[in-house]
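Notes follow the structure.
The values are calculated or read from the model by the stated rules, or taken from the named source; none is laboratory data. As the structure is a computational prediction, the values presented were derived from the model and not from experiment. A quick note on method: Cβ atoms are made from the backbone with ideal geometry, for glycine too, and the neighbour counts reach across all protein chains shown. All accessible areas refer to the heavy atoms of the entire protein, side chains included, with ligands and DNA or RNA removed. Shrake-Rupley method; radii C 1.70, N 1.55, O 1.52, S 1.80 Å.
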Amino acid sequence: MKLSVIILNYNVRYFLEQCICSVQKALENWEAEIIVIDNDSKDDSCQMVKTLFPNVILIENKENVGFSKANNQAVAVAKGDYVCILNPDTAVSEDTFRQAVEYSQSIKDIGALGVYLMDGTGNFLPESKRNLPTPKVSLMKLTGFAKKYYSNHISETSYGEVEVLVGAFMLLKRSIYKEVGGFDEDYFMYGEDIDLSYKITQAGYKNHYLGTTTVLHYKGESTKKDDAYFERFYGAMQIFYRKHFNKNFLLESSVSAGVALAKKARRFSPNKKIKPIPKLERNYFFTEDIVLLETLSATTATVFQMVSKNMHSLIILKNSLLVFDAEYISYKEIFTLMQQLKGNGNIFRIRPPGCNFIIGSDQSDEKGGVVVF
């Protein structure tokens, strides 16, 4: 078997449904499997998988065992030559796995591969490619200077070697995953992907970034910098430094001081204002399904105008709600349109193929919203 796609879920039923839909489309005519591992969700995620996707392998944990342990559980039963660790709040392009595997096969001594991640507003997520968070780099990030935290020597749409990838999408050979011991289970939240990326490079492999295929990642890297965030980030970095760097009192004291300064700066700085949703002037539905259009309009009490995916390039859309029907338009086309139409007060929603809901997110630090009709 060529590929095992592993999706760890926790209480995001509708995002998971879209994720699986997009993965299935991307795996058509592939010798591949999808493994969903659920960390004791209290919504109906597991029942949804059993009902709608009976061919998906489902592992149901009776407690939340964390990111690392759950993914390790899934890889232990995977059969693919390659494994792809994928967040449930993502949707992949139809060519994502093909491009990723072909690129991986073309690079000698490649370790893990990451791709272009885009948030729900159509903007690139810089955590798609990162540098190794040395103590100095981590301290700078904690105090608001994050430029060196990200790998900017490669452009967003290019490709090449990077040090650290994000766990929302990581593709690598299953044999390499097992060789380096998978995700370190000492981490529960934050740092697991940094640790795995580093272990891969220490084993003699090179991690790479591929910017020619897009994956939508709704939540993105949380920018809610509250005290709990700083404590979790610092805790993860403590584990990382103790495992991979010489224990150093000055090092730990410096990072600890950075956490304290960041907390203090946050308290005395003006509260970050939530970006207001613009006043929408028009609502467009990219579909050919009249019944679906009428149903959505009736459910949301909103008048939608049907639009063709072949909309003239000179037409400027602004302050508009744009709903894309993935039954009619491919995810790859949807992502391209989102990138082209981002800004100008536009917000985006997607109706996954065959689904009775639309889904989207207007900021990269929120989980997003769902309208069921």
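Worth pointing out:
- Members of the stretch 334-371 that are open to solvent by 50 Å² or more (accessible area, probe 1.4 Å) and closer than 18 Å to Phe124 by Cβ: Thr336, Gln339, Gln340, Lys342, Asn344, Glu366
- Subset of the stretch 2-23 [over 20 Å from Arg174 (Cα atoms) and polar (S, T, N, Q)]: Asn9, Asn11, Gln18, Ser22
- Of all residues in the stretch 111-135 being in a helix (DSSP H, G or I) and surrounded by fewer than 23 Cβ atoms within 10 Å (Cβ to Cβ), the one that is modelled with the lowest pLDDT: Pro135
- Residues in the stretch 9-31 that are part of a helix (DSSP H, G or I) and in contact with a strand residue (DSSP E or B) (Cβ under 6 Å, 6 or more places away or on another chain): Tyr14, Leu16, Gln18, Cys19, Ser22, Val23, Ala26.
- When the criteria are applied in full, Lys42 meets the requirement of being open to solvent by 20 Å² or more (accessible area, probe 1.4 Å), outside any helix (DSSP H, G or I) and among the basic types (Lys, Arg).
- Tally of residues being in contact with a strand residue (DSSP E or B) (Cβ under 7 Å, 6 or more places away or on another chain), assigned to a loop (DSSP other than H, G, I, E, B) and either among the aliphatic types (A, V, I, L, M) or open to solvent by 10 Å² or more (accessible area, probe 1.4 Å) (or both) across the stretch 70-110: 9
- Residue check: Val83 meets all listed conditions (1) closer than 30 Å to Lys342 by Cα; (2) touching a helix residue (DSSP H, G or I) at 6+ places or on another chain (Cβ under 6 Å); (3) modelled with pLDDT of 95 or more but one, namely (1).
- Inside the stretch 300-336, residues that are basic (Lys, Arg), modelled with pLDDT of 90 or more and assigned to a loop (DSSP other than H, G, I, E, B) make up a count of 1.
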